[in-house]
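Trainee: One structure follows; several queries about it will come next.
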Amino acid sequence: MDLSRRSFLAATGLGALGLASTALTAGCSTDGGAEASASGPVEGEITVLTPMYQGATGKQLLEGTLLKQFHKKYPKATVKVDYTDYNSLNEKITTGLAGGLLPDVLMIGVGWVPPFAYKKVLAPLPDSAGTKYDYQPRVLAPSKYDGKLYALPVVLDARVVAYRKDHFEAAGIKAPPKDWTELRAIAKELAQAKGGKVTRAGFDPFSIDLRQCWENFVFANGGRLFDESGRKVLFDDDRGVEALQLFLDVVKDKVADPSFAPAAGQPSTLQQGRASMMMTDTALWLNMQQQTPELIDEDKVGMFVLRNTDAAMLQGGTLGCVSAHSQHRAAAQALVEFLATPDAVLPAAEQRGSVPGISSLRDSAYVKKNKLVDFALSNLDKSVSEGGTPAWMEIREKVKPTLQTAVVGQRTAKQAIGDLASVAKAAIGRL
Amino acid sequence: MVMTSARSATGTRRTGADRPAPATRRVRTASRGRGRAGYLMVAPAFLHMALWTGLPLVAAIVLSFTSYDVLTPPKFIGLGNFTEIAGDAVFRRSMVNTLVYAFFTVPVAMAIALVIAVLLNGRLRGRSLFRTAVFLPQVTATIAVALVWLWIYNPQGGLANAVLSFLGLSPVNWLSSTTWAMPAVIVVGIWQGIGLKMLIYLAALQGLPSDLYEAASVDGASKVRQFFAITLPLLRPATFFVFVTSVIGAFQSFDQIYILTDGGPANTTTMMTYQVYKSAFREFRMGYACAESLVLFAFLIVLTILNRRMIGGTDGNR
């Protein structure tokens, strides 16, 4: 009995170790044949993971219209949709990779191509896919890594400064600021306070994501995040520190308050009249159409590109790409190309209030009607994107909490940027 | 479970002369059969534990010595992850945050739960309703709970600030202030943890012998004296259980952080489990996350041993 019990335990232990090594081996086999061809018939069931097409209208657009058109074109291909949001997208991809269940088509953010392409998660697309339509060169740049095309842009988002024309007029301000000195001076004129507390922000940089806002500041200050190779940190110079210092300065000037950011779904501080200038993305126009149409009707909102030494507009967006693990790569590539056609891009941009990145859509009724989108397209030559290093997925998660340490006064701007640079250098060192 | 052996109790091998009588053999055969049945009954639970707890534990231990990003094969780096953890300010911060969170949520929630359990153990009109109401947060999805608390803590128009305003106090940025974010999360933790603790205490209270209370009443002991002299000492096993499970629960708190603060501002509410999650699923550092989770595991073992020494374990008579 003793012997059999021991045997049983030993067998179980060995089994567990065997399973563990099998799991590890399975986890390790991520090669995925990135170089394999996508030629072949467009058929099979594919899955798409998307942070876009959210809500009832988004789902109706994707499944009720776009995928029906796709199925009509490729009747042997069927598409299953896995919806998520931008906050959970990263985790969904990680767990998909760990579990060996990565969707065939991934809709990812700008800056994500280098890390995933470097790790051979993405399958390269033929160069011809990038020239089929007149994608703007700046728009296509984040889709490439190491000279190869890995993604196609579906929609873009741009960060600009929106301002209240009525506040400017009341304060006798004729033109938007040309640099940060003017920005702070104008913000002081526009800000209102009661009992030492800001009641109207002159300039609100806290209503958009801190990471993206800081990046926009870095670019507007003539800085860059990484060098061309993606192996050298560049944001830790004076320009990066000054970019973070701007947040602290506007709080010190009592022209901004970090707690002003409204809860999700509420009108922005600019719409509420609680801010005179605000960093925003292009979705603001859609929100104004839905929540505060009078601001559009009365032409109360203007916009300008942030500038200190350079004029810079942070360009984000959503890119479609094919998983290197896909068993139906031809179908997956066909879907990515389909979602990046003008006929699919325009309604997607309209649904989200985003910018379509195809030149022929410049004259569409949607762009002409949406002044913010039109403005972003007019200033696309000033757009700069985040990322640029294969270590970006690790670094991007650290940016916000590290910058926050300065915003809340735990660290100076220089110390916080130093901390972030150390994290980034360590992450790059692990490549 | 009775284990049988071919050897006698003294360890000497039996000869044919001292072979057991048929009746003894029958007893031994029956007990051997019971032993097999016992193993058979334990087998599903054992397999379940081996597959879902043992295997991930082995995998986590192995991976903690590697640099593994899910995308490429793991590379053995020895104690590299552990030395990095030793110098990781954010992980240190998360350890302090977790300790602070556990230090406030566990005893406060336990004290409130005990008081409520004692109240609900007495004769009270609508007792079942109150018991259900107190237990409700435990069975409500944390997402739903956290969304309600998000509204309560909303700096513009939230209930908490409305109460402060009613009292003539200035509004507070509950979740975006480094001063108030942790207390706000602790309050949610306390509120959510009371139900289960109350239930365990209630079950334990109902098992206490009534004759002791009768004797104490005859001796003229007040209710308060009875509570401290009889109830509390007799509840020691339940208290140990509640304390250990609460500490483990506090160390594993995750979902309310995920919804309420995302660990911010500036990592002031980042707990150890949340940091493990971020390392694994947001930063693609599985090996590092495994090492972090082993540190958490070691932490919990040490705390459980300490708890046992301090509270006296399950021995209620000690």
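Trainee: Once the Cβ-Cβ distance between A:GLN291 and A:GLU189 is put in as r, and R0 is 22 Å, what FRET efficiency do you end up with, to the nearest 0.05?
Mentor: Values: r = 27 Å, r/R0 = 1.23.
With R0 = 22 Å, the Cβ-Cβ based efficiency is 0.25.
Trainee: Let me ask another. Counting Lys +1, Arg +1, Asp -1, Glu -1, what net charge surrounds A:TYR145 among other residues with beta carbon under 14 Å of its beta carbon?
Mentor: Working: positive: A:LYS119, A:LYS120, A:LYS144, A:LYS148, A:ARG231; negative: A:ASP127, A:ASP146, A:GLU228.
Value of the local net charge: +2.
Trainee: If you don't mind, another one. In units of 2.2 N^0.38 Å, what is the alpha-carbon radius of gyration of chain B?
Mentor: 1.34
Trainee: Please compute the Kirkwood hydrodynamic radius of segment A:77-179 from all pairs of different C-alpha atoms, in Å with one decimal. Intermediate results must be reported in sequence, preceding the final value.
Mentor: Numbers: mean 1/r = 0.0590 Å⁻¹.
Kirkwood hydrodynamic radius for segment A:77-179: 16.9 Å.
Trainee: Counting other Cβ atoms within 10 Å of each Cβ, which trypsin sites (Lys or Arg not before Pro) in segment A:154-254 have at most 16 and sit in a DSSP loop?
Mentor: Sites meeting the loop and neighbour criteria: A:LYS174, A:LYS178, A:ARG231, A:LYS232.
Trainee: Filter the trypsin sites (Lys or Arg not before Pro) in segment B:51-153 down to the DSSP loop ones having no more than 10 other Cβ atoms within 10 Å, then list what survives.
Mentor: Numbers: sites: B:LYS75, B:ARG92, B:ARG93, B:ARG123, B:ARG125, B:ARG127, B:ARG131; in loops: B:ARG123, B:ARG125.
Qualifying residues, ordered by number: B:ARG123, B:ARG125.
Trainee: Taking the Cα centre of segment A:146-292 as origin and charging only Cβ (+1 Lys, Arg; -1 Asp, Glu), how large is the dipole, in debye to the nearest 20?
Mentor: Numbers: 19 positive and 20 negative charges, 94 e Å.
Dipole about the Cα centre, nearest 20: 460 debye.
Trainee: Tell me, what is the percent relative contact order of chain A, built from C-alpha pairs under 8 Å that lie six or more residues apart?
Mentor: 24 percent
Trainee: May I ask for log10 I(q)/I(0) of segment A:42-97 at q = 0.13, 0.20, 0.25 Å⁻¹, from a Debye sum over the Cα atoms as equal point scatterers with solvent left out?
Mentor: The computed values of log10 I(q)/I(0) come out as -0.37, -0.77, -0.99.
Trainee: Based solely on its DSSP helices, what 222 nm [θ] is calculated for the protein assembly as shown when runs of n ≥ 4 H residues each add -39,500 (n - 2.57) and the sum is averaged over all residues, nearest 500 deg cm²/dmol? Show your work: numbers first, answer last.
Mentor: Details: 33 runs with 395 residues, N = 749.
The per-residue figure over the protein assembly as shown is -16500 deg cm²/dmol.
Trainee: Taking the Cβ of each residue in B:THR178, B:THR268, B:THR132, A:THR402 as the centre, tally the other Cβ atoms inside 10 Å and list the residues starting with the fewest.
Mentor: B:THR132, B:THR178, B:THR268, A:THR402
Trainee: Residue by residue, what Karplus-based ³J(HN,Hα) values in Hz, rounded to whole numbers, does segment B:189-195 have, using 6.51, -1.76 and 1.60 with θ = phi - 60° and x for Gly and Pro?
Mentor: Couplings: x, 5, 4, 6, x, 5, x Hz.
Trainee: If you don't mind, there's one more thing I want to ask. A:SER323's amide H: which non-local residues (gap 5+, or another chain) put their own amide H closer than 5 Å, with H modeled 1.01 Å from N in plane and none for Pro or chain starts?
Mentor: Answer set, sorted by chain and number: A:VAL105, A:LEU106, A:ALA123.
Trainee: From the phi angles alone, apply the Karplus equation (6.51, -1.76, 1.60; θ = phi - 60°) to segment A:181-196 and give each ³J(HN,Hα) in whole Hz, x where the residue is Gly or Pro.
Mentor: After applying 6.51 cos²θ - 1.76 cosθ + 1.60, I find 5, 5, 4, 5, 5, 5, 4, 5, 5, 8, 5, 10, 9, 9, x, x Hz.
Trainee: On to the next question. Excluding residues on the same chain fewer than 8 positions from A:LYS178, give the lysines whose Cα lies under 19 Å from its Cα.
Mentor: Straight-line reach from A:LYS178, under 19 Å: A:LYS165, A:LYS188, A:LYS382.
Trainee: On to the next question. Using amide H atoms built in the peptide plane, which far-off residues or other-chain residues are under 5 Å from A:GLY316 H to H?
Mentor: Under 5 Å from the amide H of A:GLY316: A:ASP157, A:ALA158, A:ARG159.
Trainee: Tell me which residues come under 5 Å, amide H to amide H, from A:PHE226 once H is placed; ignore anything under 5 positions away on its chain.
Mentor: A:LEU234
Trainee: Let me ask you something else. List the relative contact order of segment B:89-311 as a percent without decimals, with contacts defined as Cα pairs under 8 Å and 6+ residues apart.
Mentor: 29 percent
Trainee: Give me a comma-separated list of calculated 3J(HN,Hα) values for segment A:206-216, in order, Karplus coefficients 6.51, -1.76, 1.60 applied at θ = phi - 60°, integers in Hz, x for any Gly or Pro.
Mentor: Coupling constants for segment A:206-216: 9, 8, 10, 4, 4, 4, 5, 5, 4, 4, 4 Hz.
Trainee: If you don't mind, another one. Let me know the shape class of segment B:25-126, please: from the alpha-carbon gyration tensor, a ≥ b ≥ c as square roots of the eigenvalues, rounded when a/c is under 1.5, otherwise prolate if a/b is greater than b/c, or oblate.
Mentor: oblate
Trainee: If you don't mind, there's one more thing I want to ask. Counting only other residues whose beta carbon sits under 12 Å from that of B:GLN138, what net charge do I get with K and R as +1, D and E as -1? Display every interim value, and only then the final one.
Mentor: Numbers: positive: B:ARG131, B:LYS197; negative: none.
After counting each charged neighbour, the total is +2.
Trainee: Can you work out the base-10 log of I(q)/I(0) for segment B:116-269 at q = 0.19 1/Å, using the Debye formula on its C-alpha atoms alone?
Mentor: One equal scatterer on each Cα of segment B:116-269 leads to -1.13.
Trainee: Would you list which aspartates and glutamates come within 20 Å of B:LYS197, measuring only between C-alpha atoms, while excluding same-chain residues fewer than 8 positions from it?
Mentor: Straight-distance partners of B:LYS197: B:ASP255, B:ASP315.
Trainee: Next question, about the same structure. Give me the base-10 log of I(q)/I(0) for the protein assembly as shown at each q in 0.05, 0.09, 0.11 Å⁻¹, Debye formula, one uniform scatterer per Cα, rounded to two decimals.
Mentor: Listed by q, the Debye log ratios stand at -0.34, -0.96, -1.30.
Trainee: Give, in nm to one decimal, the length gained when the segment between A:THR78 and A:ALA311 is fully stretched (0.36 nm per residue of separation minus the Cα-Cα distance).
Mentor: Taking A:THR78 through A:ALA311 to full extension adds about 79.4 nm, to one decimal.
Each value in this text was obtained by applying a stated rule to the coordinates, not by laboratory testing. Just so we're clear, the structure is a prediction, and the values are computed from it rather than from any experiment. Heads up, the Cβs are rebuilt from the backbone with ideal geometry, glycines too, and the neighbour counts pull from every protein chain shown.
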